[in-house]
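Enquirer: Got a structure for you, questions after.
The values are calculated or read from the model by the stated rules, or taken from the named source; none is laboratory data. Since the model is a prediction, treat every value here as computed from it, not as a measurement. Because the Cβ atoms are built from the backbone with ideal geometry, glycine has one as well, and the counts that use them run over all protein chains shown. When the accessible area is computed, the model is the full protein with side chains, heavy atoms only, and any ligands, DNA or RNA have been set aside. Shrake-Rupley method; radii C 1.70, N 1.55, O 1.52, S 1.80 Å.
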Amino acid sequence: MGIERLFPAEWAQSVVKATPFEFALGIGFAVLLAAGGLWGLIRFVRRVRLIEDTPTSRVRSAAQGYVELVGRGALMPGPPVVSPLTGTTCTWYHYRVEERVRSGGRNENTRWRTIDSGTSESLFLLVDETGECIIDPEGAEITPSSKDVWYANSSGWFGAPPSSRGLFGGGRFRFTEHRMLPGDPLYAIGMFRSVGGATEIPDVREEVRALLRAWKRDQAKLVSTFDGDGDGQIDIEEWESVRRAAQQEVLKNNAERARAPASNLMVRTRDSRRPYLLSVLPQRGMVRRFRIDAALSALLFLLAGGVTVWMAIVRLG
C-alpha cells in the first residue's frame, strides 16, 4: 500500500487544489513539526544516556565538575523561603496568577492572560549522609513535589488554597503554585565545585592590584597613613611601603580564608549538552520520564514526516 493511500481522498484533493502559497505553508508546517520531533528525540535520548552513564557521587567525595547527587532538600540558615501565594515554607517555588479574558464579537472566546508570575532564586541545601551541598536553582530544570491550582474572584490572594478548588474553572482569576519542600527527596545533576577554604588558589598579584585601586580612591586616608615626610604626597619610596602593606594585607586575608572550611556548591553548566536538573523523582523516575518524552518525540517525527512525504507525492503526482 502506497503512503498516499493512508490518507482520505478528500485530503488529497485539498492538497492538489491548494494555491502554491497554501501548499508551501502546509508542507512547511509539517516539516517544522518533523524537525521538532527529531530534535526532541535526540535531546531526550541524550539525557537518558547522560543520566545512566553519570555515577552517583557523595557530597564529601564528589569530584569537581559535572556530577550527580542524591539526598534530601533542606533550608539554608537564616530566613526561610516562603511561597508568595500560599505562604508555605519551601526550598523552591514557582507561581503564576492568570486572569480570564473574554474576547468580544459574535463568537466569544475565553483565554487566560498571565498578570503575575515568579520563580524562587533562593539558595537551598542538598543533604546526604556525608555532608551538604548548596544548590543554586537559577537556570535549572526543576521537577517539584507539589502543585496547587485554584480559582477566585480577586487577584490579591495570600494563604492556603480554598477547600473547594473550583474544578470547573469558576472564578475570574486562576492561581497556580509549584513547590519543593524541606525534606523532599532531591536528585541533582549539574556543575559541582568547592569554594573557599584551602580549595582556592589565590591570584595574589591581582588581589594586590585590586586593593591598591581601592586605597587610591581614598587619597586623604592614603596620604595620612603612608606620607612619612609630611609633604602631602606619596613619593616613590612611600609608594613601595604602600605596595608592601597591600601585599601583607592580601597574604593575611588569604591565610584566614584557607583556615575557613570550604563550601560545596552546585550551579548550572555552560554546556547545553549537559543539563542542570533538580527533581524530587529518583534517577529511575527521571530516566522513565525522558524515555516517554523520547517516544512521543519519535512518534511526532514519524507522523509529521509521513505527512510531509505524502503531501509532496500528492502534489507532484
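Enquirer: In region 64-83, what residues are part of a loop (DSSP other than H, G, I, E, B) and surrounded by fewer than 17 Cβ atoms within 10 Å (Cβ to Cβ)? Show your work before the answer.
Expert: The first filter runs over region 64-83 and keeps only residues part of a loop (DSSP other than H, G, I, E, B), leaving 64, 75-80, 83.
Passing the criteria: 64, 76, 77, 78, 79, 80.
Enquirer: Okay, moving on. Do we have residue 20 as more than 30 Å from residue 95 (Cβ to Cβ) and open to solvent by 90 Å² or more (accessible area, probe 1.4 Å) here? Can you show your working first?
Expert: On the way: more than 30 Å from residue 95 (Cβ to Cβ): yes; open to solvent by 90 Å² or more (accessible area, probe 1.4 Å): yes.
Against the criterion (more than 30 Å from residue 95 (Cβ to Cβ) and open to solvent by 90 Å² or more (accessible area, probe 1.4 Å)), residue 20 qualifies.
Conditions tested, residue by residue: (1) surrounded by 13 or more Cβ atoms within 10 Å (Cβ to Cβ); (2) out of contact with any Lys or Arg (no Cβ under 8 Å at 6 or more places or on another chain).
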position	(1), (2)
222	yes, no
225	yes, yes
233	no, yes
264	yes, no
290	yes, no
296	yes, yes
307	yes, yes
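Enquirer: Would you say residue 119 is of a type in the set (S, T, N, Q) and modelled with pLDDT of 80 or more? Working first, answer last.
Expert: Working: of a type in the set (S, T, N, Q): yes; modelled with pLDDT of 80 or more: yes.
Spelling it out, residue 119 is indeed of a type in the set (S, T, N, Q) and modelled with pLDDT of 80 or more.
Enquirer: Residue by residue through region 266-283, note down the ones that are open to solvent by 50 Å² or more (accessible area, probe 1.4 Å), within 19 Å of residue 195 (Cβ to Cβ) and at pLDDT 90 or above.
Expert: 268
Enquirer: Residue by residue through region 48-63, note down the ones that are outside any strand (DSSP E or B) and more than 20 Å from the chain's Cα centre (by Cα). Break it down stepwise before answering.
Expert: Taking region 48-63 first, the residues outside any strand (DSSP E or B) are 48-55, 58-63.
Within region 48-63, 49, 52, 53, 55, 58, 59, 60, 61, 62, 63 meet the criteria.
Enquirer: Further, regarding this structure: Among the numbered criteria (1) open to solvent by less than 40 Å² (accessible area, probe 1.4 Å); (2) of a type outside the set (Asp, Glu); (3) on the phi < 0 side of the Ramachandran plot, which single criterion is violated by residue 94?
Expert: Failed condition: (1).
Enquirer: Any chance region 120-129 includes a residue that's free of Cβ contacts under 8 Å to residues at least 24 places away in the same chain and either in a loop (DSSP other than H, G, I, E, B) or out of contact with any Cys (no Cβ under 8 Å at 6 or more places or on another chain) (or both)?
Expert: Within region 120-129, the subset free of Cβ contacts under 8 Å to residues at least 24 places away in the same chain is 121.
Subset that is either in a loop (DSSP other than H, G, I, E, B) or out of contact with any Cys (no Cβ under 8 Å at 6 or more places or on another chain) (or both): 121.
Yes.
Enquirer: Could you look through region 217-267, keep only residues that are in a helix (DSSP H, G or I) and among the small types (Gly, Ala, Ser), and pick out the one that is farthest from the chain's Cα centre (by Cα)?
Expert: Keep residues of region 217-267 that are in a helix (DSSP H, G or I), which gives 219-226, 236-259.
Now narrow it down to the ones that are among the small types (Gly, Ala, Ser): 220, 224, 241, 245-246, 255, 258.
Values: 220: 47, 224: 50, 241: 48, 245: 44, 246: 40, 255: 35, 258: 31 Å.
By that ranking, first place goes to 224.
Enquirer: Looking at 114, 86, which is the one that is touching a residue at least 12 places away in the same chain (Cβ under 8 Å), polar (S, T, N, Q), over 18 Å from residue 269 (Cα atoms) and open to solvent by less than 50 Å² (accessible area, probe 1.4 Å)? Explain how you work it out, then say what you get.
Expert: Values: 114 fails: open to solvent by less than 50 Å² (accessible area, probe 1.4 Å).
Just a single option satisfies the conditions, and that option is 86.
Enquirer: Are any residues in region 235-245 open to solvent by less than 60 Å² (accessible area, probe 1.4 Å) and not charged (D, E, K, R), and if so, which ones?
Expert: Hits for region 235-245 are 241, 242, 245.
Enquirer: Moving on. Check residue 147 against each of (1) open to solvent by 70 Å² or more (accessible area, probe 1.4 Å); (2) over 20 Å from residue 281 (Cβ atoms); (3) not polar (S, T, N, Q); (4) not in a loop (DSSP other than H, G, I, E, B) and name the one condition it does not meet.
Expert: The one condition residue 147 does not meet is (2).
Enquirer: Here is a further query. Given the structure, is residue 286 surrounded by 12 or more Cβ atoms within 10 Å (Cβ to Cβ), touching a Cys at 6+ places or on another chain (Cβ under 7 Å) and either aliphatic (A, V, I, L, M) or closer than 30 Å to residue 60 by Cβ (or both)? Explain how you work it out, then say what you get.
Expert: On the way: surrounded by 12 or more Cβ atoms within 10 Å (Cβ to Cβ): yes; touching a Cys at 6+ places or on another chain (Cβ under 7 Å): no; either aliphatic (A, V, I, L, M) or closer than 30 Å to residue 60 by Cβ (or both): yes.
The answer is no for residue 286.
Enquirer: For region 246-262, which positions are small (Gly, Ala, Ser) and either open to solvent by 30 Å² or more (accessible area, probe 1.4 Å) or under 30 Å from residue 182 (Cα atoms) (or both)? It would help to see each step written out before you state the result.
Expert: We begin by selecting, within region 246-262, every residue small (Gly, Ala, Ser); these are 246, 255, 258, 260, 262.
Residues satisfying the conditions are 255, 258, 260, 262.
Enquirer: Determine which member of the set 47, 60 is of a type in the set (Lys, Arg) and open to solvent by 50 Å² or more (accessible area, probe 1.4 Å).
Expert: 60
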